[in-house]
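Trainee: Can you keep this structure in mind? I'll have questions shortly.
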Amino acid sequence: MTERNVRVTPLDRPAVESQTVEIVERKGIGHPDSLCDGIAESVSRALAAAYLDRVGRILHYNTDETQLVAGSAAPAFGGGEVLEPIYVLIVGRATSEFEGTTIPTEPIALRAARQYLEAHVPELDVGTDIVVDVKLGEGSGDLRDVFGEGGVPMANDTSYGVGHAPLSETEEIVLNAERRLTGEYAADHPELGPDVKVMGKREGDDIDITVAAAMVDSSIESVDAYAEAVEEVREYVAELAGEYTDRAVTIHVNTADDYDAGSIYLTTTGTSAEQGDDGSVGRGNRANGLITPNRSMSMEATSGKNPVNHIGKIYNLLSTEIAERVVEDVAGIRDLRVRLLSQIGRPVDQPHVADIHVSTETDVAVADVEDEIRAIVDRELADVTGLTERVIEGDISTF
């Protein structure tokens, strides 16, 4: 077993479930920030696949600077129209030539972005309702050198990642409400667009869930039909919440609606990007799909970074997976925080420190579980290249 610098100490705050106030947010897949995350990550996976196919290895690239400039629309019952297209700019660095082989990085990026948008925002006509542009420069020589060849890659930066487990009841509700609304629910309810933002607040044992659900005008014929659609979303989330908690839960949907003034959350495309809401990679969900101010978080954008040696991606995903594995395999843990710090040029499986903070049940001491935790951390770090493969295959979500 490789000797790694792993520290296991008691958590320096109450477990989240014991805190008086908890706040949790998730920006849905159609939110402008999440659209940038999704596009950037789909481009990242497409470039990685192209490199492997053409030269047998992943070359240096990063596409984590994608920006969205909002457009405008005139929604109307039965169907409105886009007045000004949404504009997306994919910005980054990518190696376009390697040992005599040319890789068409910008066409690859454009194709991946188009396919992502068509799959996740079907009401958007790519090229008409939304315009996608790409500017990929070459990476710097020293960064390409740090990228390494074969074996365990060297860290590209001195940076860190943070993860936690288990999810609290409020976190479970917020995460699954959005995923299921934009998944199984939307499949049977075309009036619901993919831009669904969910905010959770718990005070003591009272949970309030606020949902902002963009409704698609072509599937709604009247204000009464809109009101019915909003109520159906509320009822669905209320039932879903009961699967994750016995606490009292109150659901609010589209609280800014003013029916008397005719102001409701009706859209033509299903995203607020048609209503002046801009977007940017890394401004939304963290690597575990949530925004959690009660927890430690990294400010790194995970989506779009290369999955081989970019610590901002690898360590945020890996720290989350380590936390989840520990909670699955070790009994008596109430709350766990994992912080992984890299040092530039050091192998990614050898963090400068792996800092593990644990809150245990009253009858379990940290010393009782320390050895088990260390063994799991060591095992997961040793398999860091396996995480890279799963990211490329799209088996791990980055937002």
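Trainee: In the set V146, V131, V152, which member is at pLDDT below 95 and in contact with a Pro (Cβ under 6 Å, 6 or more places away or on another chain)?
Mentor: The conditions single out V152.
Let's see how each residue does on (1) over 30 Å from V131 (Cα atoms); (2) surrounded by 13 or more Cβ atoms within 10 Å (Cβ to Cβ); (3) without any contact (Cβ under 8 Å) to a residue 40 or more places away in the chain:
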site	(1), (2), (3)
E184	no, no, yes
P194	no, yes, no
K201	yes, yes, no
M215	no, yes, no
Y226	no, yes, no
E232	yes, yes, no
E235	yes, no, yes
T267	no, yes, no
A273	no, yes, no
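Trainee: What are the residues in the stretch 99-122 that are at pLDDT 95 or above and of a type in the set (D, E), if any?
Mentor: Within the stretch 99-122, E106, E118 qualify.
Trainee: Filter the stretch 351-386 for residues that are in a loop (DSSP other than H, G, I, E, B) and either among the charged types (D, E, K, R) or crowded, with 19+ Cβ neighbours inside 10 Å (or both) and give the result.
Mentor: If the condition is that a residue be in a loop (DSSP other than H, G, I, E, B) and either among the charged types (D, E, K, R) or crowded, with 19+ Cβ neighbours inside 10 Å (or both), then P351, E361, D363, D383 are the ones that fit.
Trainee: Let me ask something else. Does I344 meet the test of being aliphatic (A, V, I, L, M), in a loop (DSSP other than H, G, I, E, B) and in contact with a Ser or Thr (Cβ under 9 Å, 6 or more places away or on another chain)?
Mentor: Answer is yes for this residue.
Trainee: Being of a type in the set (A, V, I, L, M) and over 21 Å from V69 (Cβ atoms) is the filter here; which residues of the stretch 280-298 pass it?
Mentor: Scanning the stretch 280-298 gives A287, L290, I291, M297.
Trainee: Oh, and also: Which one is farthest from the chain's Cα centre (by Cα), of the residues in the stretch 318-334 that are crowded, with 24+ Cβ neighbours inside 10 Å and under 25 Å from S159 (Cβ atoms)?
Mentor: Only one residue tops the list, namely V326.
The values are calculated or read from the model by the stated rules, or taken from the named source; none is laboratory data. Owing to the predicted nature of the structure, the values given are computational and were not obtained by experimental measurement. Cβ coordinates were reconstructed from backbone atoms using ideal geometry, including for glycine residues, and neighbour counts include every protein chain displayed.
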